[in-house]
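Read-outs throughout are calculated quantities, based only on the coordinates presented, and are distinct from any laboratory measurement. Please read these numbers as outputs of a predicted model, since none were measured by experiment. Cβ placement follows ideal geometry from the backbone for every residue including glycine, while neighbour counts extend to all protein chains displayed.
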Amino acid sequence: QVQLVESGGGLVQAGGSLRLSCAVSGRTFSSYRMGWFRQAPGKEREFVAATMYGDDMTYYAASVKGRFTISRDNAKNTVYLQMNSLKPEDTAIYYCAAANRGFISASKLEYDYWGQGTQVTVSS
């Protein structure tokens, strides 16, 4: 059974930074492609960033490109989301997700495992 546990969320002022972590247990982490999604109150869960099995291939939503960076440490079974220049509209619950098949994807339908989420709140 694969388990994903996010951490690192919190309250930050606009312009600040946070780094989210997602620890993955279960099968071999390096065989999973990983993604980050977020969901604001009253809105659909939306794609943020994704990486393939190594972090040589990444993909970002237009709204975060240039501000957020996804990376992974296969030795630590962990994927990270470095978030810089945060804006109030980045406020949401952030979820990490994993899949052990297919190609890099922005579709939440193409991920099999999800964490419980971590709250990020950006004040203006």
Next item on the list: Could I have the simple spin-label model distance between GLU89 and SER107, label points 7 Å from Cα toward Cβ, reported in nm to one decimal?
Entry: 2.6
Checklist line | Sequence-separation-based contact order of the chain, relative, with Cα cut under 8 Å and 6+ spacing, percent | finding: 36
Check: Tell me, what HN-Hα J-couplings in whole Hz come from the Karplus equation 6.51 cos²θ - 1.76 cosθ + 1.60 at θ = phi - 60° for each residue of segment 89-104, using x for Gly and Pro?
Finding: 6, 7, 4, 4, 8, 9, 10, 9, 9, 9, 8, 10, 8, x, 10, 3
Item checked: the chain - Kirkwood radius from inverse mean 1/r over Cα pairs (Å) -> 14.2
